[in-house]
Structures are given as C-alpha cells and as structure tokens.
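Engineer: Below are the structure tokens for one structure; questions will follow.
The values are calculated or read from the model by the stated rules, or taken from the named source; none is laboratory data. Because the structure is a prediction, the values reported are computed rather than measured. Neighbour counts run over all protein chains shown; Cβ positions are idealised from the backbone, glycine included. Just the protein is used for accessible areas: all its heavy atoms, side chains included, with ligands, DNA and RNA removed. Shrake-Rupley method; radii C 1.70, N 1.55, O 1.52, S 1.80 Å.
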Amino acid sequence: MQETEWWPLAGRHHRFYSGYLVSASKGLPQGESLLRIQPFQLPALKRYEPYFLAGWLAEEYSVVRDEALEICRQEFQRQEQANVAQFMPGDTQSGLQVHTEFGTSAPTCA
C-alpha cells in the first residue's frame, strides 16, 4: 500500500532562457519540422545579407516579431513549468502553479 504525504510549498526559481528558434514561416510548422534540422549554432549566426540567397527561391517571413516573441514566451513558460516540477521534492505534484515573469527585455529569439 502506497502512502503519500502532501504539504504546501512556495518559493522562487530563477533561470535564464535564450536562443529559442522560431520559424518565421507559417508554411514550416514550429514543432517537429524545426527539430529535424537542428542543431543550430546560434552564436555563429551572421546578420542577413541579400547575397546569401542570390539565385535561390526564398520565402519572406510570415510571422511578425510580436507573434514570434509570444511563441518564445509560451515555450519558455512550458520549459519553466517542467523545470520547477523537476525541482520539486518527491515524484508527484498536485496543483503545481508556476507564475512566470519576464524581465524588461524581450526573450532572445532567433
């Protein structure tokens, strides 16, 4: 017979998130399509120059910056929820609530 003891916990958790890649194309879904072409060396990125795509067909972005930032925020909130759940003692949590606050600068999204 399993016995479980429950008690309320509260606290703060701080973690820095950056470098989440957001698809700027509505034709390339955010989910598994991007996972197939990873890993990305985000620190090695260079500012876009038109000659990079000279001679190639290319799609202009269809996801605007504010929409991409919201996608980042949702992903970082999901990651934070998972990290807090993993940090909690025991192997089961009930009613875990995580309130995520972002600093004054926007999440770093590529």
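Engineer: To the nearest 10 square angstrom, how much accessible area does Lys26 have with a 1.4 angstrom probe?
Structural biologist: Only protein atoms counted, so the area is about 130 Å².
Engineer: Mind listing the long-range amide H neighbours of Tyr20? Cut-off is under 5 Å, sequence gap 5 or more, other chains count too, H placed in the peptide plane at 1.01 Å from N.
Structural biologist: Answer set, sorted by chain and number: Ala110.
Engineer: A further question follows. Convert each backbone phi in region 16-23 into a coupling constant with the Karplus relation 6.51 cos²θ - 1.76 cosθ + 1.60 (shift: θ = phi - 60°), then list the ³J(HN,Hα) values in order as whole Hz, x for Gly and Pro.
Structural biologist: With coefficients 6.51, -1.76 and 1.60, one gets 9, 10, 7, x, 7, 8, 10, 5 Hz.
Engineer: For the charge dipole of the chain, defined by +1 on Lys and Arg C-beta atoms and -1 on Asp and Glu C-beta atoms about the Cα centroid, which residue among Leu9, Leu28, Asn83 has the Cα displaced farthest towards the positive pole?
Structural biologist: Selected residue: Leu28.
Engineer: Could you compute the longest span of the chain free of GluC sites (Glu not before Pro) located in DSSP loops and having at most 13 other Cβ atoms within 10 Å, not counting the site residues?
Structural biologist: 6-58
Engineer: Further question on the same structure: Which entry in [x] 1.00; [y] 1.11; [z] 1.05 matches Rg/Rh (Cα atoms, Kirkwood Rh) derived from the coordinates of this structure?
Structural biologist: The calculated read-out lines up with [y].
Engineer: Report the accessible area of Leu53, computed with a 1.4 Å probe over the heavy atoms of all protein chains in place, in Å² rounded to the nearest 10.
Structural biologist: 70
Engineer: Hey, another quick one. Order the following by accessible area, largest value first: Arg73, Arg12, Arg78. Probe radius 1.4 Å; ligands, DNA and RNA are ignored.
Structural biologist: Heavy-atom accessible area, descending, gives Arg12, Arg78, Arg73.
Engineer: Separate question: Taking the Cα-to-Cβ direction at Leu35 and at Glu67 and moving 7 Å from each Cα, how far apart do the two end points lie in nm?
Structural biologist: Using points 7 Å along Cα→Cβ, the separation is 2.3 nm.
Engineer: About its Cα centre, how strong a charge dipole does the chain have in debye, to the nearest 20, once Lys and Arg get +1 and Asp and Glu get -1 at the Cβ?
Structural biologist: With only Lys, Arg, Asp and Glu charged at Cβ, the dipole is about 380 debye.
Engineer: Moving on to the next point. Once fully extended, how much extra length lies between Gln77 and Thr100, figured as 0.36 nm per residue of separation less the alpha-carbon to alpha-carbon distance?
Structural biologist: Extending this stretch completely gives an extra 7.6 nm.
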